[in-house]
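A quick write-up on the structure given underneath.
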Amino acid sequence: MRGFKMTFRGKDYYMACTSGSTGILVSNKENVMRLVCDAMDMEGNYLQWMTEDLHADDEIIISYEDFDESLLTSPLREKLVNDEASEKRFMLSIYQQQKEQLIEQGY
């Protein structure tokens, strides 16, 4: 399986989904830097592996790798968004959050 291996605060996270997208996002909202790692597959499953506040000395190491599926980190949160109306609302809310974050960052 191909996906991301991320080392954060001494712990390795293996994140991937078979058909969809996996994201690693750093946001700055109200002067709080936050790291979010999540995914959404084509069947409408939303997975979240991490959401953590960042500190000035944090180190994040990210690599794209081919690894055994048994190494996948269990998600902290899972949500099924499989009907079209719910999926559109969910995707719109993600879009709005990311848009706000980019505007706040001056993009």
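Coordinate-derived values only; no laboratory data. Everything numeric in this text was worked out from a predicted model, so none of it was measured. Neighbour counts are summed over all protein chains in view; Cβ atoms, including those assigned to glycine, are modelled from backbone coordinates with ideal geometry.
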Which one of the conditions (1) assigned to a helix (DSSP H, G or I); (2) touching a residue at least 60 places away in the same chain (Cβ under 8 Å) does residue 73 fail to meet, given that it meets all the rest?
(1)
Scanning region 66-82 residue by residue, the ones that are out of contact with any Asp or Glu (no Cβ under 9 Å at 6 or more places or on another chain), surrounded by 11 or more Cβ atoms within 10 Å (Cβ to Cβ) and under 13 Å from residue 12 (Cα atoms) total 2
Condition first: over 13 Å from the mean Cα position of the chain (by Cα) and either of a type in the set (Lys, Arg) or under 13 Å from residue 34 (Cα atoms) (or both). Now tell me which residues in region 60-78 satisfy that.
60
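So, restricting to strands (runs of 3 or more DSSP E) that lie completely within region 12-61, which ones have at least 2 residues that are farther than 19 Å from residue 101 by Cβ?
Numbers: elements: 20-29, 32-41, 45-53.
Here the list reads 45-53.
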Of the conditions (1) of a type outside the set (Phe, Trp, Tyr); (2) within 13 Å of the chain's Cα centre (by Cα); (3) surrounded by fewer than 15 Cβ atoms within 10 Å (Cβ to Cβ), residue 40 fails just one. Which one is it?
(3)
